[in-house]
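S.K.: The structure that follows is given in the form of structure tokens.
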Amino acid sequence: MQKAASLPLPPADAQAASDTLTARIGESIDAAGGWTGFDRYMAQALYAPGLGYYSGGSAKFGRDARDGSDFITAPELSPFFARTLARQFAPLLAQGLPGVMEFGAGTGRLAADLLLGLEQEGRLPETYAIVELSGELRARQQATLAQRAPHLADRVTWLDTLPDTFAGVIVGNEVLDAMPVRLYARNGGRWHERGVVRSDDGERAFRFEDRPLADADVSEALRAIPGDHDLVTETHAEAEGFIRAVGAMLARGAAFFIDYGFPAGEYYHPQRAGGTLMCHYRHHAHPDPFLYPGLQDITAHVNFSGIAHAAVDAGLTVSGFASQARFLMNAGITELLMALDPSDARAFLPQANAVQKLLSEAEMGELFKVIALTRGLDDSEPMDGFARGDRCHTL
Ligand SMILES: C[S@@+](CC[C@H](N)C(=O)[O-])C[C@H]1O[C@@H](n2cnc3c(N)ncnc32)[C@H](O)[C@@H]1O
């Protein structure tokens with residue numbers, strides 16, 4: 001367990017909000033008979049209205065702990081991420097697709113820079129819809145758009161629910177990893193669901209407790225995990241249900257999801273026997289989801305095979321799957337960077353360093369993947385982003 005003392009202490013008001021959320025989660029565990037699935041705990045810790053990590057007031061996104069943030073994402077790191085996506089999206093919009101829809105838009109940086117990039121490509125969409133669960137983030141997105149792209153801000157609308165149909169390009173960066181997962185443990189060859197109970201050890205309000213699963217309740221996904229070694233892992237029913245809902249909505253167009261994760265073969269590899277659950281607090285990554293409920297991010301890596309299967313179930317085509325580095329290089333990030341003047345070191349070097357982080361295998365280039373799910377597009381040519389290094393065959 002991560003010692004809270006080794007991490008920066010939350011300010012008093014944040015601690016008070018966390019205490020309120022802790023009490024609420026405790027009550028819902030009692031109401032459920034003393035044990036709840038981890039997905040339920042994660043949903044409350046991240047999304048309880050006004051108190052969850054994404055629905056409360058935490059800074060969340062930023063460069064380091066001094067600004068109170070917990071992690072940084074690609075659109076925050078460099079505008080070249082969005083500009084490169086704009087290069088990939090422009091020819092798709094040119095196939096007569098009217099809109100862009102973004103899920104989980106964070107601070108609004110991707111929306112602002114993508115709109116600016118599409119403007120440069122001469123392919124501004126008629127509408128840019130944001131689906132955001134958090135009211136606090138929606139206000140931040142409006143402020144970012146007003147500051148970075150004021151002349152384009154009136155194209156942006158916010159949706160509370162999904163429309164029945166949508167034609168256009170959909171994008172979600174680091175959204176799937178923020179969806180609640182269930183945890184399972186295989187011990188001595190027997191499967192258990194790893195849930196959450198109240199704890200009385202004084203250090204944390206909650207702890208894990210494993211419940212044996214009846215044979216009939218062991219899912220196909222768990223049965224398919226090779227070997228009989230002990231392990232802990234996750235399943236992603238919520239993310240897969242979300243992809244099915246996107247598939248039902250997408251009448252024509254392409255959906256791009258960018259996130260950290262692997263195909264099932266790597267996800268459930270014996271070397272990953274500890275699972276992928278990870279928490280982020282003030283730029284410290286650690287595995288303890290019970291630290292400061294509501295004040296830290298909780299995530300799991302994405303099982304892209306599960307995402308691909310859910311998409312196919314919903315009638316979509318998996319049109320590309322590549323590492324982030326491959327996708328961004330194929331789609332022209334280096335050309336965009338080279339348009340800057342390298343002799344202007346003060347402007348060039350920070351941008352070059354940020355792009356290096358997006359591409360480097362040791363940073364985001366290999367762990368992060370891009371998957372494209374389409375319906376009704378002209379697919380006689382692969383999309384630029386997947387022209388080389390496509391890994392659909394691994395899903
Ligand atoms: C890790 S943040 C990423 C934010 C931003 N895309 C970025 O890259 O900086 C995850 C975001 O996904 C959002 N999210 C999670 N589930 C969602 C859903 N079902 N629909 C829309 N947004 C969702 C969260 O509210 C949060 O804004």
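S.K.: How much net charge surrounds Ala167 when only the other residues with a Cβ under 10 Å from the Cβ of Ala167 are counted, with Lys and Arg +1 and Asp and Glu -1?
M.R.: Cβ neighbours under 10 Å give a net charge of +2.
S.K.: Rank these for me by crowding, Val246, Val218, Val370, going from fewest to most other beta carbons within 10 Å.
M.R.: Val218, Val246, Val370
S.K.: To test your reading of the geometry: what angle, between 0 and 90 degrees and rounded to tens, separates the Cα axis of helix 79-93 from the longest principal axis of the chain?
M.R.: That works out to roughly 70 degrees.
S.K.: Another question, if that's okay. Could you tell me what percent of the DSSP beta bridges with both partners in segment 11-395 are antiparallel, to the nearest 5?
M.R.: If I count the DSSP bridges inside segment 11-395, around 60 percent turn out antiparallel.
S.K.: Measure nothing but the geometry: give the 0 to 90° angle between the long axis through the Cα atoms of 135-148 and the longest principal axis through the Cα atoms of the chain, rounded to 10°.
M.R.: Roughly 20 degrees between the two axes.
S.K.: Please report the spacing between the Cα centers of segment 308-365 and segment 84-158 in Å, no decimals.
M.R.: 18
Values in this text are rule-based calculations from the coordinates and carry no lab data. This is a predicted model, so every value here is computed, not measured. Positions of Cβ are generated from backbone atoms using ideal geometry, with glycine treated the same way; all protein chains shown enter the neighbour counts.
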